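Values quoted throughout were computed directly from the atomic coordinates according to the rules given, and no laboratory measurement underlies them. The structure presented is a predicted model; accordingly, all values stated were derived computationally and were not measured. Methodologically, a virtual Cβ is constructed for each residue, glycine included, from the backbone with ideal geometry; neighbour enumeration extends over all protein chains shown.
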Amino acid sequence: MSRAWAAIYSYLLRPVAVYFAALGTVRLMGKRALGQLSLFDLVIMVGIGEIVVLVGLERKVSLVDGLLMLGLLGGLEVFISVLAFRWRWFARLIEGEPTVLVHEGRLLRPNLRREHISLRDLRQELRKKGLEDYKEAKEVVLEACGKVSVIPREEVAESLARIRAELALIREELGRLVRQEGAGPEANTRPDE
């Protein structure tokens, strides 16, 4: 192989090949791998990234070895997913368990401490869901993937629904006013004036 072709292979074709192999591996792993990552999924994704760097950029590993490693990691992810689907105890071992942080408006401080979540962090998550205080929550759960799920109390949920409905009406009215304004001054006059 000439030096020019060796350079093209080394700097262009090899990184592109490992990129598409990594993309294909992640695609074959399924949508689950692209959503909220479990600890195991995160480890697999970091491993894929490391292989891409070793094969495509640093060229410390041959292309064939890199493709074999990508295939192994992808296969391992699918195999572990099947086992976790089949056996609940295995899923708990690999993915972990959700932790209840607030129950019926009561703060479960031991669970917050165990998960290293400050009251400030909890309040931030509650605000994202439209709640001002943990007492407004029926339940707040730290899911195994690290996402926080918030279930508002019924009266809070009803209030939020009412506020959202009022906001929708305000948006509709604003839209109507903007359209009228765009139609010119004659659109703002009423026929009885």
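Below is a table of values for the structure above.
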| quantity | calculated |
| --- | --- |
| Cut-off under 5 Å, modelled amide H: who pairs with residue 153 long-range | 137, 138 |
| Ellipsoid equivalent to segment 46-104 - semi-axes via the Cα gyration tensor, in Å | 34, 16, 6 |
| Under 11 Å, Cβ to Cβ, from residue 53 - net charge with Lys/Arg +1 and Asp/Glu -1 | 0 |
| Gyration tensor over alpha-carbon atoms, segment 34-165, equivalent ellipsoid semi-axes in Å | 40, 17, 14 |
